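Engineer: One structure follows; several queries about it will come next.
The values are calculated or read from the model by the stated rules, or taken from the named source; none is laboratory data. These figures come from a predicted structure and were not determined experimentally. No Cβ is skipped: glycine too gets one built from the backbone with ideal geometry, and neighbour counts run over all protein chains shown. Ligands, DNA and RNA are excluded from the accessible area calculation, which covers all protein heavy atoms including side chains. Shrake-Rupley method; radii C 1.70, N 1.55, O 1.52, S 1.80 Å.
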Amino acid sequence: MLNLEELEQLVAFKELGTLSKVAEQFLISTPSLSRSMYHLEEDFGVPLFDRSVNRISLNETGERAVQVARRILITSQEGIKEVRDYDQSLKTITVTSVAPAPLWTLLPELTIRYPNMQIQHKVCSTSEVLEAIENKTTDLAVLPFAYEGDSTDCLPYLKESLDIVVPLDHTLAKESTVSFTDIDGYNFLLMNQIGFWNDLVLEKMPASKFLVQSSRFEFDELANNSTLPRFATNLSKDREKLQGKRMLIPLSDPEALITYHLVSLNPDIRLKDLADKKYE
């Protein structure tokens, strides 16, 4: 049976050119390496080298053996990675969400209910979440609508509504509600890690320009010290701090009120335990 380390030594011989250099790299003696090369020839059942008193080189069959060895080594590495990744997946719950807000309550709940599991999460677009569901690369997904599919369970989880936040002396501050049409054309400060909300406001406000920030610290600094409007929701962590300092105005469009749904592809995750307490 072919030995992977001996195959690595064969490839190294092709790259380095001499047994002494290969032996030095693998921290073995040259006679020991020479025996390994004889052993490879026995395994393949054919000569791989041309040998003389002071020289050894690959013959034509040996050159092909090197190509085969490289393929076997790549396959073995991929196989090891696949097995390790699978083992890790048995110990990991992967959560994919269209927005960050649902994760603020969902992740702590998962940690409590599944203390022996690692929780991995990411926020991405709706299409990417749907792709993760279809490809079964996530255990739990959060979508802004109900999902029906084979081998999945879906329940409503949480509601989130979108507001705009403006300075008290802003021209919009006197309004009790606004629509996307009303605010289209105003420039806005925008955080780029708010999932599908990004896509929604960009779609609904084509005449507006957005100062997009990826750093939460920089976003907060600009939000606190500039006159640019920004967005918030009923779930925003800084909502209480904004009261009295800024005006929060609800968006009246139906698209600005979202009911998040949990979609489970993992039969061990009971959605009823997670969803019943949160949905209102």
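Engineer: Enumerate the residues in region 156-172 having an amide nitrogen under 11 Å from the point lying 7 Å beyond the Cα of residue 216 toward its Cβ.
Structural biologist: Hits in region 156-172 for residue 216 at 11 Å: none.
Engineer: Quick check on the chain: of the DSSP beta bridges with both residues there, what percent are antiparallel, nearest 5%? Kindly include the intermediate steps, with their values, before the conclusion.
Structural biologist: Values: 24 of 40 bridges.
Just about 60 percent of them are antiparallel.
Engineer: I'd like the carbon and sulfur percentage of the solvent accessible area for region 65-220, probe radius 1.4 Å, heavy atoms only, ligands and nucleic acids excluded.
Structural biologist: Reported share for carbon and sulfur atoms: 52 percent.
Engineer: Take each of the peptides 242-254, 96-108, average the number of other beta-carbon atoms within 10 Å over its residues, and list them starting from the highest. Walk me through the numbers before you get to the answer.
Structural biologist: On the way: 242-254: 15.4, 96-108: 19.8.
Highest-to-lowest ranking by the protection proxy: 96-108, 242-254.
Engineer: Measure off 7 Å from each Cα along the Cα-to-Cβ vector at residue 234 and residue 209, then give the distance between these two points in nanometres to one decimal.
Structural biologist: 3.5 nm
Engineer: May I pose another question? If you bin every alpha carbon distance in region 1-128 into 10 Å steps from zero, what whole percent lands in each bin?
Structural biologist: Per 10 Å bin, starting at zero, the Cα-Cα P(r) for region 1-128 comes out as 11, 29, 17, 10, 15, 14, 4, 0 percent.
Engineer: How about region 130-235: which trypsin sites (Lys or Arg not before Pro) there lie in a loop by DSSP and see at most 12 other Cβ atoms within 10 Å?
Structural biologist: For trypsin sites (Lys or Arg not before Pro) across region 130-235 that sit outside H, G, I, E and B with at most 12 neighbouring Cβ atoms in 10 Å, the list reads 136, 174, 209.
Engineer: Turning to a different aspect of this structure: Please work out how much accessible surface residue 111 shows to a 1.4 Å probe, ignoring ligands, DNA and RNA, in Å² rounded to 10.
Structural biologist: Number for this one is 80 Å².
Engineer: Per residue, what accessible area does the chain have, given a 1.4 Å probe and all protein chains present, in Å²?
Structural biologist: 58 Å²
Engineer: A further question on this structure: Against the globular-protein guess of 2.2 N^0.38 Å, express the Cα radius of gyration of the chain as a ratio, rounded to two decimals.
Structural biologist: 1.60
Engineer: Then there's this: Once the Cβ-Cβ distance between residue 16 and residue 81 is put in as r, and R0 is 25 Å, what FRET efficiency do you end up with, to the nearest 0.05?
Structural biologist: The formula returns an efficiency of 0.45 here.
Engineer: Something else about it: Run down the lysines and flag those whose C-alpha is under 30 Å from the C-alpha of residue 136, throwing out any fewer than 8 positions away in its chain.
Structural biologist: 81, 91, 122, 159, 272, 277, 278
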